[in-house]
1. Within the stretch 259-267, is even one residue hydroxyl-bearing (Ser, Thr, Tyr), part of a loop (DSSP other than H, G, I, E, B) and crowded, with 18+ Cβ neighbours inside 10 Å?
2. Among (1) within 23 Å of residue 295 (Cβ to Cβ); (2) in contact (Cβ under 8 Å) with a residue 24 or more places away in the chain; (3) polar (S, T, N, Q), which single condition is residue 105 missing?
3. For the structure I just gave you, tell me whether residue 19 is over 20 Å from residue 118 (Cβ atoms) and outside the structural domain of residue 101 (by TED's automatic domain parsing).
4. Among the residues of the stretch 229-248, is any touching a strand residue (DSSP E or B) at 6+ places or on another chain (Cβ under 6 Å), crowded, with 18+ Cβ neighbours inside 10 Å and in a helix (DSSP H, G or I)?
5. Looking only at the stretch 210-228, decide whether some residue is in contact with a Cys (Cβ under 9 Å, 6 or more places away or on another chain) and at pLDDT 95 or above.
6. Regarding residue 22, is this residue farther than 24 Å from residue 238 by Cα and within 33 Å of the chain's Cα centre (by Cα)?
7. Give me the residue from the stretch 381-404 that is within 30 Å of residue 363 (Cβ to Cβ) and small (Gly, Ala, Ser) and, out of that set, farthest from the chain's Cα centre (by Cα).
Amino acid sequence: MNDDVVITPGMQQYIDKNNTYLAKRAKYIKNVVKKWKFDTIAVHGLYEVNEAIEDYQGAIIEPIFMSTSQAYRDSDEMAAALAYKIPTWCYSRIANPSTYYYEWTLALLEGYGFEGETSCCSTSSGMAAIMTAVQPFLVIKKDVCEPRNFVATSQCYGGTFQQFSIRLMQERNIECRWVTDATDIDEWAKKIDKNTRFLYGELPSNPQLGFFDIEKVADLAHAHSLPLIIDATIATPALLRPIRHGADIVVHSATKTLTTSGFGICGAVIARKNLVTNIDDDQLKADFSLHVKYLQNRDFGPNLHPMQAVMTLNDMRTLRSKVDLMSRNTMKVALFLKKHPKVESAQYLGLDDHPLHDLSSRYMWLVDAEHDEQYGKPVNRYGHLMSFCVKGGAEKTRVFFDGLNRIWRATDLGRIKSVATIPAISTHQQQGEEGRALAGIPPNMVRLCVGAEHPDDIIADLDQALAGVR
């Protein structure tokens with residue numbers, strides 16, 4: 001990464017040794033790992049038997065490296081490592097072997113079925129992932145005052161709305177041009193000009209279940225030499241892999257569905273190599289994730305703790321089966337709520353009458369269902385997130401909400417346990433009424449994330465809570 005460093009013969013020995021290692025790993029990925037099914041990648045990643053036996057006393061689960069830093073054999077190895085000429089985890093603010101295992105696995109899962117290469121940069125949270133993904137495209141040259149803008153869907157998580165509207169627009173004068181109807185490609189196009197740096201979308205969106213045609217928006221972005229960044233937190237790569245459809249970068253609040261246990265905060269940025277951008281930076285284009293890890297995030301410090309990396313990695317091993325189960329449970333709950341007399345409306349992409357059902361059905365598929373003995377054919381799945389509006393307005397919605405017994409009242413989502421919140425008073429409260437109206441979040445909307453309980457028990461809890469609304 002640092003091309004100004006003078007390479008000594010001693011440094012070159014370490015560089016050659018590590019180039020041999022990287023070539024061997026690349027061959028292993030191409031000839032072995034890329035031929036595995038999704039579940040096998042999720043379970044094993046790049047941690048393999050010989051490595052475990054030779055280096056880690058045969059530990060079958062990835063070790064947790066609870067260490068601040070890496071020691072080096074001599075000054076030559078240290079110099080090569082700190083110039084980023086060889087793989088290193090010199091300091092855990094920058095990298096750590098435990099985070100590498102997590103990153104390698106998630107990069108492979110997001111790149112499953114994609115012919116090109118993907119890489120991943122872990123972060124301490126989903127919000128840190130968004131910052132990591134957008135910041136490099138918003139830089140300006142020294143002493144140059146130039147307007148900058150980006151185009152984003154208004155239907156997004158409340159924290160994303162705050163980061164874009166307050167941290168970037170108000171505090172740094174970087175304009176966010178909100179798209180209110182993401183299915184209207186002309187609205188996207190009209191908001192792009194010579195100062196636009198990237199396009200950004202969340203799908204399915206939280207909590208409104210917004211969706212758009214990824215391929216069309218990606219084609220539009222690339223026609224203007226812009227990257228498309230997608231927040232795919234709700235879907236996960238078990239249902240949707242945007243890079244396959246033209247997106248350049250995917251961000252995750254891995255805290256959510258990827259870490260169903262709820263054992264901590266975690267984020268990730270996954271990017272295709274050789275992405276599209278009008279930023280003149282060859283390293284950024286070639287390997288965006290590695291670029292931000294070794295440069296931007298080295299300085300900003302949104303690092304992921306090694307303990308959390310392995311806990312999330314462990315949750316990811318059964319991702320496909322959990323997302324399938326939670327999706328099927330959510331479908332049953334959505335059908336119940338749709339018909340309930342005290343429910344004004346129910347929003348779930350799996351419902352046939354949802355306006356975005358057909359569009360989302362083109363993209364959201366349970367990965368490898370056609371190879372599954374249970375299904376043996378492609379199967380649509382729509383995730384664990386749904387929302388519904390209680391009849392009678394905000395106060396009656398609170399009566400229902402307070403009456404829940406089994407479903408947890410929390411701002412969390414993607415848990416193995418079912419969780420509900422009222423976005424207008426929680427996750428999207430700080431947007432204000434105008435911002436919530438822009439995003440389509442009424443005061444009587446309940447966001448429900450259905451877990452892995454038996455759906456009949458969740459329906460029973462919803463039914464008794466709705467019975468208390470008079």
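1. Yes, because at least one residue in the stretch 259-267 is hydroxyl-bearing (Ser, Thr, Tyr), part of a loop (DSSP other than H, G, I, E, B) and crowded, with 18+ Cβ neighbours inside 10 Å.
2. Residue 105 satisfies every listed condition except (1).
3. yes
4. Within the stretch 229-248, one or more residues are touching a strand residue (DSSP E or B) at 6+ places or on another chain (Cβ under 6 Å), crowded, with 18+ Cβ neighbours inside 10 Å and in a helix (DSSP H, G or I).
5. yes
6. Judged against the criteria, residue 22 is a match.
7. 387
Listed here are the residues, each with its yes/no results for (1) of a type in the set (S, T, N, Q); (2) at pLDDT 95 or above; (3) outside the structural domain of residue 350 (by TED's automatic domain parsing).
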position: 431; (1), (2), (3): yes, no, no
position: 442; (1), (2), (3): no, no, no
position: 449; (1), (2), (3): no, yes, no
position: 457; (1), (2), (3): no, yes, no
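The values are calculated or read from the model by the stated rules, or taken from the named source; none is laboratory data. Because the structure is predicted, anything quoted here is derived from the model rather than measured. Because the Cβ atoms are built from the backbone with ideal geometry, glycine has one as well, and the counts that use them run over all protein chains shown.
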